[in-house]
1. So, in Å, what gap is there between the alpha-carbon centers of region 165-194 and region 226-273?
2. Taking region 43-90, which chymotrypsin sites (Phe, Trp or Tyr not before Pro) meet the DSSP loop condition and have no more than 16 other C-beta atoms within 10 Å?
3. With a ≥ b ≥ c the root eigenvalues of the C-alpha gyration tensor of region 126-216, is it rounded (a/c under 1.5), prolate (a/b larger than b/c) or oblate?
4. Taking H placed 1.01 Å from N in the peptide plane, check which residues at least 5 places from ARG52 or on another chain put their amide H under 5 Å from its amide H.
5. For q = 0.15, 0.16, 0.20 Å⁻¹, what log10 I(q)/I(0) does region 6-80 give under the Debye formula with an equal point scatterer on each alpha carbon and no solvent?
6. Heavy atoms only, probe 1.4 Å: what % of the accessible area of the chain goes to carbon and sulfur, would you let me know?
7. I'd like the GluC sites (Glu not before Pro) in region 16-100 restricted to DSSP loop residues with at most 16 other Cβ atoms within 10 Å, sorted by number.
8. By the scheme Lys and Arg +1, Asp and Glu -1, what is the net charge of all other residues having a beta-carbon under 13 Å from that of ALA122?
Amino acid sequence: MSPKYFAPTGGHPPQTQLLTDRAVFTESYAVLPKGTMRDITTSFLPFWDKTRLWVIARPLSGFAETFSHYIMEVAPGGGSTTPETDPKAQAVLFVVQGTGELTVNGTTHSLSEGSYAYLPLAADWTLHNAATDPLRFHWIRKAYQAVPGLDAPDVIVSNEQDIAPTMMPDTNDTWGTTRFVDPADMRHDMHVTIVTFEPGGVIPFLETHVMEHGLYVLEGKAAYRLNTDWVEVEAGDYMWLRAFCPQACYAGGPGRFRYLLYKDVNRHMPLTL
């Protein structure tokens with residue numbers, strides 16, 4: 001089955017629309033429904049031409065502090081030769097709509113829907129949209145936590161459609177994760193994966209762990225447990241979880257439920273602020 005990737009397009013609702021919505025921000029999680037991603041909530045960045053973005057997560061003291069998550073929209077002819085201004089930042093790009101040209105350390109890669117790129121903090125990269133349609137992609141950034149004795153990670157450019165998902169044991173192949181990085185590679189301090197549930201698939205217990213999470217729903221709908229609440233989510237919605245927020249999922253169908261997932265991994269907990 002070919003992957004589907006929801007992407008926001010902006011616009012504004014009519015004046016007749018009810019104000020009632022599913023957006024919520026609590027002490028342990030936030031839900032940004034797709035309807036919050038309108039023209040009025042976009043931002044802009046230095047050195048990006050013909051580009052706007054939705055900032056859907058950023059470090060906040062006392063909430064989630066490790067990462068930022070953008071949805072980028074690059075118009076035809078747009079892009080950047082200086083995309084990243086923070087020398088401590090590493091990045092993951094994931095394309096959900098359109099095509100682009102990514103040049104990393106002198107090598108050019110053609111990006112299309114489903115393309116994934118890991119860009120370590122030392123990478124010299126540029127990105128441009130030479131097509132006639134908008135390019136929309138997720139850009140997840142995290143300050144890299146170096147460890148003495150471990151080399152920095154390598155550049156990775158791949159596509160979801162070329163990677164077989166790893167199925168969770170004892171789930172009758174209803175719950176799988178597409179991994180772009182080897183979980184045993186301790187050089188990496190963050191993972192961005194795609195989680196897929198077939199209709200009827202569940203997370204059958206309340207996960208409670210140290211990772212911070214960002215979950216963007218790419219396809220389908222489900223009931224998701226966040227702390228003490230069951231929340232209905234669908235393609236285009238975003239869930240942002242602080243560490244130790246209990247979570248579970250029931251994907252009742254009728255189609256697959258899939259989301260792009262960020263989490264911080266493989267590092268000691270800091271003992272000082």
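1. Taking the Cα centre of region 226-273 as reference, the centre of region 165-194 is 15 Å away.
2. Filter output for region 43-90: PHE44, PHE47.
3. Note, shape of region 126-216 comes out oblate.
4. GLU73, ALA75
5. The Cα Debye sum returns log10 ratios of -0.65, -0.72, -1.00.
6. Reported share for carbon and sulfur atoms: 55 percent.
7. GLU27, GLU65
8. -3
The values are calculated or read from the model by the stated rules, or taken from the named source; none is laboratory data. Quick caveat: nothing in here was measured; it's all calculated off a predicted structure. Note that we place each Cβ from the backbone using ideal geometry, even for glycine, and neighbour counts take in every protein chain shown. SASA here: full protein model, heavy atoms, side chains in, ligands and nucleic acids out. Shrake-Rupley method; radii C 1.70, N 1.55, O 1.52, S 1.80 Å.
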